[in-house]
Each structure stands twice: as structure tokens, then as C-alpha cells.
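Participant: My questions all concern the structure below.
The values are calculated or read from the model by the stated rules, or taken from the named source; none is laboratory data. None of the values given here were measured: they were computed from a predicted structure. As a convention, Cβ positions derive from the backbone with ideal geometry for all residues, glycine included, and neighbour counts pool all protein chains shown.
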Amino acid sequence: MARPEIKTWQNLEAAFAGESMAHIKYRYFAKLARAAGDEDTARIFEQTADQEVMHAFGHLDLLYPAADITPAKALQIAIEGETYEYSEMYPGFRQTAVEEGNAAAVAEIDEQISESKEHAGQFKAVLEKAAKRFAALAKVEERHANHYQKALDAIQA
Ligand SMILES: [Fe+2]
Ligand SMILES: [Fe+2]
């Protein structure tokens, strides 16, 4: 029997995906409406898109609680997501597009693969830099601790 909180987790992920898609779709529709000279329609889509971001954030507050998500964890999650995109998701989609003879989709997917790779690499670089910074800080802390210990030993001698 599925635990109800697990079903709710899946529902929150689905709701997050839906609100995120609505956000981007409305921004895209706004762009099209503006290009067609319909400023009123462009604006209502943009205003609503902004609210969809807040709806998506509401779900994320529950899926990735602020108390649990350090910058390092966030980078790790992002690296996993981008790596999944370029190593599993897009290669599979690319294969299907090739089989179906959809050259436009193949070209678009190839661009997405290289962008996802680039994003993963950038996140990795920032994470590694942060790890070095933490290691350096830990060394300074250790030096201070040793220094205090020596002072304490001198007093107690
Ligand atoms: Fe919404
Ligand atoms: Fe990306």
C-alpha cells in the first residue's frame, strides 16, 4: 500500500512541473503576442507567468525545504539534473528523432545536449571552488584551535 505522503510528494512534483511549464509557456505566448502587435495579450500573459513562478516556488518550498538545501546541495542537485539530461534523456530522444527522420528535432536536441553539458560543467566548477574554500577555512579553524590549546596548556602547566 502506497503511503499517502509518498503520493503527495509525487503530486507536488507533478504540480511543480505543471506550474513551471505554464510559466514558460505564457512567457512564450507573450513573446508571440507582442511580435503580432497585441500588447494587451502580451501583458496579461506576462503578469500571469509571474504568478505561476510563485505557485511553483510554493511547491518547491515543500519539495526542497530551505532548511535542508545548502548551496552545495543545490549545486549537487543541479549537476545531477543536467547530467541526466545530456547523458540519458536527450540521447534517448535523439535516437527516436533520428528513427523518425525529424532532422529539426535532432539538431535542436544536439544543441540542448551541449548546453546541458556546459551547465553541468559550470555548476561543477563552482562546487569545486566552494569545496576548496571550505577546506581552506577548516585549516584556519584548525590553526586557531591549536593556538588556543597551546595557550590553555601554558596556563595549566
Ligand atoms: Fe498556477
Ligand atoms: Fe540546463
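Participant: Does the range 95-128 hold any residues that are more than 20 Å from Leu75 (Cβ to Cβ), assigned to a helix (DSSP H, G or I) and more than 16 Å from ligand 2 (Cβ to nearest atom), and which are they?
Facilitator: Gln95, Thr96, Ala97, Val98, Glu99, Ala103, Ala104, Ala105, Val106, Ala107
Participant: Continuing with the same structure: Surrounded by 11 or more Cβ atoms within 10 Å (Cβ to Cβ), of a type in the set (Val, Ile, Thr), at pLDDT 95 or above and touching a Leu at 6+ places or on another chain (Cβ under 9 Å): is that true of Ile79 in this structure?
Facilitator: yes
Participant: Can you tell me which of Ala15, Ala42, Ala56, Ala67 is of a type in the set (A, V, I, L, M, F, W, C) and not in a helix (DSSP H, G or I)?
Facilitator: Just a single option satisfies the conditions, and that option is Ala67.
Participant: Does the range 54-76 contain at least one residue that is modelled with pLDDT of 95 or more, within 23 Å of Ala15 (Cβ to Cβ) and within 16 Å of ligand 2 (Cβ to nearest atom)?
Facilitator: Among the residues of the range 54-76, at least one is modelled with pLDDT of 95 or more, within 23 Å of Ala15 (Cβ to Cβ) and within 16 Å of ligand 2 (Cβ to nearest atom), which makes the answer yes.
Participant: Can you work out which of the residues in the range 59-73 that are under 21 Å from Met21 (Cα atoms) and free of Cβ contacts under 8 Å to residues at least 24 places away in the same chain is surrounded by the most Cβ atoms within 10 Å (Cβ to Cβ)?
Facilitator: Checked the range 59-73; the qualifying residue surrounded by the most Cβ atoms within 10 Å (Cβ to Cβ) is Tyr64.
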